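Notes follow the structure.
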Amino acid sequence: MAETTKFTGEEARLQEMAKDHLWMHFARQSGMEAGHGVPIIARGEGHHIFDIQGKKYIDGLSGLFVVNAGHGREKLAEVAAKQARELAFFPIWGYAHPAAIELADRLASYAPGDLNRVFFSTGGGEAVETAFKLAKQYWKLQGKPMKTKTISRNIAYHGTPQGALAITGLPVMKQMFEPLVPGTHHVPNTNFYRAQEQGFMGETEEEFGLWAADSIERMIEMEGPETVAAVFLEPVQNAGGCFPPQENYFKRVREICDKHDVLLVSDEVICAFGRIGEMFACNAYDFVPDMITCAKAMTSGYSPIGATIISDRIYEPFKHGTVSFPHGYTFAGHPVSAAVAMANLDIFEEEKLNENVRTNAPAFKATLDKLKDIEIVGDVRGAGYFYGIELVKDRTTKATFDDVESERLLRGFLSKALYNAGLYCRADDRGDPVIQLAPPLTIGQSEFDEIEQILRGVLTEATKLL
Ligand SMILES: Cc1ncc(COP(=O)(O)O)c(C=O)c1O
């Protein structure tokens, strides 16, 4: 066991309190319990973050796919303070306030087709939970009460509430909380690199796209279309390391959903607000879902908020008489968050952040592709400013690391080495081991190069350790 890390001054005080009282999310407490401390980030500026000792890091993950406009935006801080002075809080339970109204109108203006109705929440999991409950009630109001099941994809993450977690396709994240909401089924994802392992027997990416989409139809038919409420898909799946859709995928999925009268939910908690170069990623992939779930970068993280955006068709039965949707959250559409979201979206437009992503995405990908000359880099994939680098033991066979090797490589070495080298990003083993990158949308070629250089050094080192 390594010795207890020595901390000094203000950091020692904070580490002590963290050790005694802070419970970190999705993380082992044992390192902190053993006295090794936790990295403490104290400040952010543009695409950089600074730890409590003042050391600077590239924020290669926008916090957690959140700070898309970058850190330290004075304007967003000012808008938050102004709104807190004017009206710090009011619910949207039968009342409204200007900021929520303005933001609902604006989100509807960005959404495709007839997605015109906005139901706010405070984060992504709640947005997914809302869509799930809304789908069930919608079908009951349509006289189809058996339509309650969902279909989503293997390894996909959709949040922690018990409904959203049931939709999630990561068994290890669910086992401790079973039984969850029943009737949630999972199908292959769009990871072409591991297509054969998912059961695909064809050759081309085009065939694979159709096969993966058709797996949704096979599941609907197996379960019975009269029992399936909705399909939940991210435009680019994050967990597993960035699986963009094949060109034909969403067109086929939309046809299948229409044919079987099943709702299509585009879970854009990560993909919305510029990550793929559009306000909503379904616009990048040219499909119109029945609902969009979004959160994270709507405010670039300066205040929390989430939303479920709903089509006129789904909203229709809720318009009449005594019908209501008995669901909501105290802090949903919070005035400060809604005002900050408006100002954040102004920044997106003034600084043309979506255009920046669309223009620079090919160069970002090309820069990361250079890493393919390193022995453990198996695949580099993604879209926009959103990439996954899959690490393998053997590039020819695509053999992946076993649990012990993965533990040693990702947790024991890579996460810390990248951080020590000045790059905050994520080494993730929810599927096969990947490094995930999703930096603020403001960066360009010189930062791509800097990221590539850090990754090159650390991954080369990791290869030697194996
Ligand atoms: C696709 C997707 N859906 C839902 C969620 C849950 O969002 P939150 O953590 O805000 O509850 C996440 C979180 O990362 C996500 O990536």
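From the residues in the stretch 299-334 that are assigned to a helix (DSSP H, G or I) and touching a residue at least 60 places away in the same chain (Cβ under 8 Å), which one is farthest from the ligand (Cβ to nearest atom)? Break it down stepwise before answering.
Of the stretch 299-334, the ones assigned to a helix (DSSP H, G or I) are 312-318.
Right, trim to touching a residue at least 60 places away in the same chain (Cβ under 8 Å) and you get 312-315, 317-318.
Details: Asp312: 24, Arg313: 23, Ile314: 19, Tyr315: 22, Pro317: 26, Phe318: 23 Å.
Looking at residues that are assigned to a helix (DSSP H, G or I) and touching a residue at least 60 places away in the same chain (Cβ under 8 Å), I get Pro317.
Run Phe401 past the list (1) in contact with a strand residue (DSSP E or B) (Cβ under 9 Å, 6 or more places away or on another chain); (2) part of a helix (DSSP H, G or I); (3) over 22 Å from Ile270 (Cβ atoms) and report the number of the one that doesn't hold.
Condition not satisfied by Phe401: (2).
I'm checking my understanding of the structure. Among residues of the stretch 257-301 that are over 16 Å from Phe386 (Cβ atoms) and charged (D, E, K, R), which one is surrounded by the most Cβ atoms within 10 Å (Cβ to Cβ)?
Only one residue fits best here, namely Asp290.
With the condition kept exactly as written, say whether any residue in the stretch 243-261 is farther than 19 Å from Gly209 by Cβ, at pLDDT 95 or above and either within 13 Å of the ligand (Cβ to nearest atom) or in a loop (DSSP other than H, G, I, E, B) (or both).
Among the residues of the stretch 243-261, at least one is farther than 19 Å from Gly209 by Cβ, at pLDDT 95 or above and either within 13 Å of the ligand (Cβ to nearest atom) or in a loop (DSSP other than H, G, I, E, B) (or both), which makes the answer yes.
Identify the residue in the stretch 379-426 that is of a type outside the set (A, V, I, L, M) and touching a Leu at 6+ places or on another chain (Cβ under 7 Å) and, among all such residues, is nearest to Phe50 (Cα to Cα). Can you show your working first?
If we filter the stretch 379-426 for residues that are of a type outside the set (A, V, I, L, M), which is where we start, we get 379, 381-382, 384-388, 390, 393-398, 400-403, 405-408, 411-413, 415-416, 419-420, 422, 424-426.
Now drop any that are not touching a Leu at 6+ places or on another chain (Cβ under 7 Å), which leaves 385, 387, 401, 413, 424-426.
Values: Tyr385: 22, Tyr387: 23, Phe401: 33, Phe413: 21, Tyr424: 10, Cys425: 14, Arg426: 17 Å.
Among those residues, the one meeting the criterion is Tyr424.
Which one of these does Asn116 not meet: (1) assigned to a strand (DSSP E or B); (2) within 16 Å of the ligand (Cβ to nearest atom)?
Unmet for Asn116, out of (1) assigned to a strand (DSSP E or B); (2) within 16 Å of the ligand (Cβ to nearest atom): (2).
Would you tally the residues in the stretch 127-161 being out of contact with any helix residue (DSSP H, G or I) (no Cβ under 7 Å at 6 or more places or on another chain), within 14 Å of the ligand (Cβ to nearest atom) and over 16 Å from Val187 (Cα atoms)?
Number of matching residues: 3.
Please verify whether Leu107 is in contact with a His (Cβ under 8 Å, 6 or more places away or on another chain), closer than 17 Å to Ala339 by Cβ and in the same structural domain as Thr293 (by TED's automatic domain parsing), treating the condition exactly as stated. Spell out how you get there, then give the answer.
Values: in contact with a His (Cβ under 8 Å, 6 or more places away or on another chain): no; closer than 17 Å to Ala339 by Cβ: yes; in the same structural domain as Thr293 (by TED's automatic domain parsing): yes.
Judged against the criteria, Leu107 is not a match.
I want to confirm something. Restricting to the stretch 25-75 and keeping residues that are buried (at least 17 other Cβ atoms within 10 Å of the Cβ) and without any contact (Cβ under 8 Å) to a residue 40 or more places away in the chain, which single residue is farthest from the ligand (Cβ to nearest atom)?
So the residue we want is Gly37.
Is there any pair linking a residue in the stretch 427-443 that is not assigned by TED's automatic domain parsing to the domain that holds Gly384 to one that is modelled with pLDDT under 95 and crowded, with 23+ Cβ neighbours inside 10 Å, with Cβ under 8 Å and at least six apart or on different chains, and which?
Final answer for the pair search is none.
With the stretch 146-241 as the region, which helices (runs of 4 or more DSSP H) entirely inside it contain at least 2 residues that are among the charged types (D, E, K, R) and either modelled with pLDDT of 95 or more or in contact with a Phe, Trp or Tyr (Cβ under 7 Å, 6 or more places away or on another chain) (or both)?
Values: elements: 162-167, 171-174, 205-223.
Result: 205-223.
For the structure I just gave you, tell me whether Thr160 is within 25 Å of Ala213 (Cα to Cα) and either touching a residue at least 12 places away in the same chain (Cβ under 8 Å) or more than 18 Å from the chain's Cα centre (by Cα) (or both). Working first, answer last.
Values: within 25 Å of Ala213 (Cα to Cα): no; either touching a residue at least 12 places away in the same chain (Cβ under 8 Å) or more than 18 Å from the chain's Cα centre (by Cα) (or both): yes.
No.
Take the residues in the stretch 232-242 that are within 10 Å of the ligand (Cβ to nearest atom) and touching a Leu at 6+ places or on another chain (Cβ under 9 Å), then tell me which one is farthest from Ala212 (Cα to Cα).
Our first condition is that a residue be within 10 Å of the ligand (Cβ to nearest atom); within the stretch 232-242, this holds for 232-239.
Remaining after also requiring touching a Leu at 6+ places or on another chain (Cβ under 9 Å): 232-233, 239.
On the way: Phe232: 14, Leu233: 12, Ala239: 17 Å.
Of everything passing the filter in the stretch 232-242, Ala239 is farthest from Ala212 (Cα to Cα).
At pLDDT 95 or above and among the basic types (Lys, Arg), is that true of Lys352?
Details: at pLDDT 95 or above: yes; among the basic types (Lys, Arg): yes.
For Lys352, the condition - at pLDDT 95 or above and among the basic types (Lys, Arg) - is met.
The values are calculated or read from the model by the stated rules, or taken from the named source; none is laboratory data. Because the structure is a prediction, the values reported are computed rather than measured. When we count neighbours, we look across all protein chains shown, and the Cβ atoms used for this are built from the backbone with ideal geometry, even at glycine.
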